[in-house]
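The values are calculated or read from the model by the stated rules, or taken from the named source; none is laboratory data. Since the model is a prediction, treat every value here as computed from it, not as a measurement. Positions of Cβ are backbone-derived with ideal geometry, glycine not excepted, and every protein chain shown enters the neighbour counts.
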């Protein structure tokens, strides 16, 4: 019998799951009470995550094991890496919920939307606290299924098409991933996530099989992490409503993929085995290609959300790059980018949604003079864009700095070139936005001021300032950076 | 007392059906309710008795085989009876509203269904080849008139074709039984094995006749041609019973014979051929399901595909494949019944089930549609669901026996299933321009929506109950593989 306190990961997951079930059961007529249920759910979860964070800090062990079959368990646990992702999603769930309530105020099918939205967050929690590959897979597929109704929410042929492409990629990825897990179980038996992995003893005899399994697993997670050439679904999925794009691209889906890669590298294969099989460099090359290619495509986009989407393709691969390099400093840069990119990108998507909802602005050339009309939103857009480019002391800079240091430590100097190129490209596709917004005059007849609805602006300000804060106060004890340093120290200390 | 439970499991529903038939319209309205509740109760009793004390054997009239008739409730028979009770019970609830009670049509439905229920249970409990033949015929003869209840003018062609195939299958099977009797001088499943194995060419022919006969009855590719029209045309409750239980009874017999009397004959090449038929069924059935224009035909072709998974047991023949195949049977049973009942609700509400015209459906029929989606998760073999557990077990079996090609089939089958399930949901999620869809019927009441939802949730719950159910099933029978 597991203690109630020890089972915290389960309760955190349940808060989102129960919220989803209540919303589904209550249905559309309860539209007045629904925001309350949603906000209570998100707040309770944040509180529970706070308790768990405190517990993990003190070294308490959280673990729930639910046997499905002999040798096949669902394991939920909470280590430092879990908490990094869980805390980020708990905070952003609350912010996005507030935003979404305001954004969809008069839209149809809100019960369905918020139900699946909560289900998505529950799946993300499961992914974060998964204690073995099978559990990870279960929630990974649940995330796919729960996201589909959100992508197609508008119910127009365009979003249906987006949903189809989304499923083709993600279910295909899931299938490949499942094959990888089944092969791994057949080769090595069931195993929990454990720092360094437990496969090293198989390296001599089964190097080929292990490489194949690694390839299958990374291909499976790489779909959601939008590694080139598996990124095609992400820009198309922009047909979804803005809060979905925000949550999908900042937290749930792409991060689930990137997080999966982190788990596979650190806790299934382990750094030593990665080096032995020489798997790190190819992964770093793929990540670098994605970084450059995503940025190049972002430049060509004229639609604001699509430009942000390609920017995501590029930015999320920093995480993969960081863990692939196999040096502690690069790992710090990669992992901390999980939080930094999350906060920054969600701010940018919130801004894009606010523009679309307030003034019907979708294309980049419509942004002229928007800074005068929506100064606060545009200020946040500016902070987000500068953060993405990596202007010091904003969050993006911290990530890139550590990645660069890590590349030097690993003697992979070409990475520095990738980082520099990426920074230049980021500037090329972000600075024109800022120029248009602040320095171009508004178009004729569109000069009326009009800031976004407070329900949209509030969460934007919160995440925007949080992104700035994580950069500015990176040196303090409770910052994401400090937390990541703890994780990496544990990972690299045998 | 416990040794009488198998008898009750057979005769309670069967006699209730006979009473309903004799009394016709005069029977009191709650007779079907009473009969269904009693049948579910004795089935659960049997399940708990077997789970607690192991298999139960009953000799009718006290006569031992080969003179008498034995009813044998082992793990496999018990899980099938449990499946029949769960699906049958919930479908009965649905039928209370869909078919009503008291009028002549309703009387036909209940008489036939209760007799079918009893015959199915008898089939699962039969311990000799000839009783299996008798129960198989009873099942068929009760099932075909049920198809006609949709209105003879619509389904008579389908029902006749079903009848032709079923009779052909029975004849082949019976020929096999006769040859076996000539060789072994007995028909008891536990006794005829050695004689068949040593029977040379006659033994091989006997086995082939029985197996092919059952393949026809099970609608295994390429003998599936009768199934889609019959299952797609029948009333929803009947489609659910046929797809979830009746075709599975024939697959059950294949598993039973293969791991019993035919174990000595199971040759590697033949086993691979059976697996190939399964694989062909999975791929062909799924592609056809994707191409259908009518919702119920989508679901019917899905049955053709899903039955194929159970056949993958034969080439692998290890413990995990055995568990996976049977668990797939259970999961598919509840999930498929949910799909058919949900499709039935669509038909009631819209008056048609054209996939392309489901637009805007999810606003008015969200519960049934949710049931369709949830059951679809299990059909696709995605976690957490019974379908996933089954797929995982089969996947592990294929990799462990080094037959990786079945793993490829399993994975592709899951993706194809996703394609046809999501195709339906895609049309249903399309927003109707302004107004709700032009309907001809009322929104089905909760008594019709809930059984579908419960069955769908059970398919998910099966993702967590594998350990006790597989313990009840027991391992791969000895002497196989």
Query raised in the report: Just to be sure, is residue B:55 surrounded by fewer than 22 Cβ atoms within 10 Å (Cβ to Cβ), in contact with a helix residue (DSSP H, G or I) (Cβ under 9 Å, 6 or more places away or on another chain) and under 22 Å from residue B:258 (Cβ atoms)?
Result: yes
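Give the residue that is nearest to residue A:17 (Cα to Cα), with candidates limited to residues of region A:36-70 that are within 14 Å of another protein chain (Cβ to nearest Cβ) and touching a helix residue (DSSP H, G or I) at 6+ places or on another chain (Cβ under 8 Å).
Filtering region A:36-70 for residues that are within 14 Å of another protein chain (Cβ to nearest Cβ) and touching a helix residue (DSSP H, G or I) at 6+ places or on another chain (Cβ under 8 Å), the one nearest to residue A:17 (Cα to Cα) comes out as A:64.
Quick check on region A:112-119. Is at least one of its residues under 29 Å from residue A:331 (Cβ atoms) and either in a helix (DSSP H, G or I) or touching a helix residue (DSSP H, G or I) at 6+ places or on another chain (Cβ under 6 Å) (or both)?
Pass one, region A:112-119, residues under 29 Å from residue A:331 (Cβ atoms): none.
No, that holds for no residue.
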Query raised in the report: Is there any pair with a first residue in region A:102-116 that is within 11 Å of chain B (Cβ to nearest Cβ) and a second that is in a helix (DSSP H, G or I) whose Cβ atoms are under 6 Å apart and which are 6 or more apart or on different chains, and what are they?
Result: A:111/A:23; A:111/A:28; A:115/A:20; A:115/A:23; A:115/A:24; A:116/A:146; A:116/A:149; A:116/A:150
Query raised in the report: Out of region A:42-95, which residues are in contact with a strand residue (DSSP E or B) (Cβ under 9 Å, 6 or more places away or on another chain) and part of a helix (DSSP H, G or I)?
Result: A:82
Query raised in the report: Does residue A:7 meet the test of being in contact (Cβ under 8 Å) with a residue 12 or more places away in the chain, away from chain B (no Cβ under 14 Å) and within 20 Å of residue A:87 (Cα to Cα)?
Result: yes
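Take the residues in region A:183-193 that are within 7 Å of another protein chain (Cβ to nearest Cβ) and over 21 Å from residue A:225 (Cβ atoms); name whichever of them is surrounded by the most Cβ atoms within 10 Å (Cβ to Cβ).
Initially, region A:183-193 is screened for residues within 7 Å of another protein chain (Cβ to nearest Cβ), giving A:183, A:185-186.
Adding the requirement that they be over 21 Å from residue A:225 (Cβ atoms) leaves A:185-186.
Values: A:185: 21, A:186: 18.
The qualifying residue surrounded by the most Cβ atoms within 10 Å (Cβ to Cβ) is A:185.
Please report, ordered by residue number, the helices (runs of 4 or more DSSP H) entirely within region A:260-373 with at least 2 residues that are under 23 Å from the mean Cα position of the chain (by Cα) and modelled with pLDDT of 90 or more.
Working: elements: A:270-277, A:280-300, A:304-324, A:328-359, A:370-373.
In region A:260-373, the matching helices (runs of 4 or more DSSP H) lie at A:280-300, A:304-324, A:328-359.
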Query - Flag if residue B:104 is at pLDDT below 90, surrounded by fewer than 18 Cβ atoms within 10 Å (Cβ to Cβ) and in contact with a strand residue (DSSP E or B) (Cβ under 8 Å, 6 or more places away or on another chain) - result: no
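Which of the following residues is in contact (Cβ under 8 Å) with a residue 40 or more places away in the chain, surrounded by fewer than 21 Cβ atoms within 10 Å (Cβ to Cβ) and in contact with a helix residue (DSSP H, G or I) (Cβ under 7 Å, 6 or more places away or on another chain): B:38, B:49?
Values: B:38 fails: in contact (Cβ under 8 Å) with a residue 40 or more places away in the chain.
Within the list B:38, B:49, the selection yields B:49.
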Query raised in the report: Out of region A:168-182, which residues are more than 15 Å from residue A:136 (Cβ to Cβ), over 19 Å from the mean Cα position of the chain (by Cα) and more than 7 Å from every other protein chain (Cβ to nearest Cβ)?
Result: A:168
Report summary line: Exactly one of B:458, B:416, B:450 is modelled with pLDDT of 95 or more, over 21 Å from residue B:285 (Cβ atoms) and in a helix (DSSP H, G or I), and that residue is B:458
Query raised in the report: Looking at region B:236-285, which of its residues are in a loop (DSSP other than H, G, I, E, B), more than 18 Å from residue B:220 (Cβ to Cβ) and in contact with a helix residue (DSSP H, G or I) (Cβ under 6 Å, 6 or more places away or on another chain)?
Result: B:261, B:264, B:265
Requested in this report: Select from region B:356-365 the residues that are part of a helix (DSSP H, G or I) and surrounded by fewer than 19 Cβ atoms within 10 Å (Cβ to Cβ) and write down the one among them that is nearest to the other protein chains (Cβ to nearest Cβ).
Outcome: B:363
Requested in this report: Quick one: residue B:336 ticks every box in (1) within 13 Å of chain A (Cβ to nearest Cβ); (2) touching a residue at least 60 places away in the same chain (Cβ under 8 Å); (3) assigned to a helix (DSSP H, G or I) except a single one, so which number is it?
Outcome: (1)
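One line per residue, one yes/no per condition, for (1) surrounded by fewer than 24 Cβ atoms within 10 Å (Cβ to Cβ); (2) more than 8 Å from chain A (Cβ to nearest Cβ); (3) modelled with pLDDT of 90 or more:
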residue	(1), (2), (3)
B:381	no, yes, yes
B:385	no, yes, yes
B:407	yes, no, yes
B:439	yes, yes, no
B:454	yes, yes, yes
Report summary line: Apart from one, (1) surrounded by fewer than 21 Cβ atoms within 10 Å (Cβ to Cβ); (2) within 21 Å of the chain's Cα centre (by Cα); (3) modelled with pLDDT of 90 or more all hold for residue A:459; the odd one out is (1)
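Test residue B:399 against the criterion of being over 22 Å from residue B:290 (Cα atoms), modelled with pLDDT of 90 or more and facing chain A (nearest Cβ under 10 Å), and give yes or no. Working first, answer last.
Numbers: over 22 Å from residue B:290 (Cα atoms): yes; modelled with pLDDT of 90 or more: yes; facing chain A (nearest Cβ under 10 Å): yes.
So residue B:399 passes the test.
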Report task. Test each condition in (1) at pLDDT below 95; (2) touching a helix residue (DSSP H, G or I) at 6+ places or on another chain (Cβ under 7 Å); (3) farther than 23 Å from residue A:148 by Cβ for residue B:353 and report the one that comes out false. Result -> (3)
Query raised in the report: What pairs come up if the first residue lies in region B:256-276 and is over 20 Å from residue B:473 (Cβ atoms), the second is part of a loop (DSSP other than H, G, I, E, B) and modelled with pLDDT of 90 or more, and their beta carbons are under 9 Å apart, counting only those six or more places apart or on different chains?
Result: B:272/B:403; B:274/B:220; B:274/B:312; B:275/B:312; B:275/B:403
